[in-house]
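This report refers to the structure that appears directly beneath it.
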Amino acid sequence: MPDSAATLRDQAVQQAQGAMALQLAFIGVANGLFQALTEGPRRLEDLARAAGMDPDYVARWVDAAFAFGYLAEEGEAITLTETGRGYATNGP
């Protein structure tokens with residue numbers, strides 16, 4: 001019984017992490033954050049301006065996007081990882 005409880009817990013954690021990753025990706029796609037980074041590395045303030053969003057909100061998104069491997073640092077700027085580039089799109 002303990003093994004099945006641990007397995008269920010691990011499965012729930014994996015599902016929650018997957019849901020968070022997709023939600024974070026959706027925010028980036030829907031607000032043009034990934035697309036804005038296709039033009040090259042940007043500083044946080046420039047990214048917020050390009051997306052027309054509140055810099056504090058974008059800062060929190062950037063922190064989470066780093067944690068999920070969507071973004072990387074390039075000097076003092078933010079750039080897309082290969083995974084992040086997969087979400088950069090011009091389409092709906």
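We did not get these values from a lab; they are worked out from the coordinates using the rules stated. Given the structure is predicted, the values throughout are model-derived calculations rather than measurements. Glycine also receives a Cβ, built like all others from the backbone with ideal geometry; neighbour counts cover every protein chain displayed.
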Given the conditions (1) closer than 22 Å to GLN17 by Cβ; (2) surrounded by fewer than 16 Cβ atoms within 10 Å (Cβ to Cβ), every one holds for ALA64 apart from (2)
Here the qualifying pairs (Cβ atoms under 7 Å; residues six or more apart or on different chains; first in the stretch 12-38 and touching a residue at least 40 places away in the same chain (Cβ under 8 Å); second of a type in the set (A, V, I, L, M, F, W, C) and assigned to a helix (DSSP H, G or I)) come out as LEU24/ALA64; LEU24/ALA65; GLY28/PHE34; GLY28/TRP61; GLY28/ALA65; LEU37/LEU47
Among helices (runs of 4 or more DSSP H) completely within the stretch 1-83, the ones holding 2 or more residues that are of a type in the set (Gly, Ala, Ser) are 2-30, 44-51, 55-67
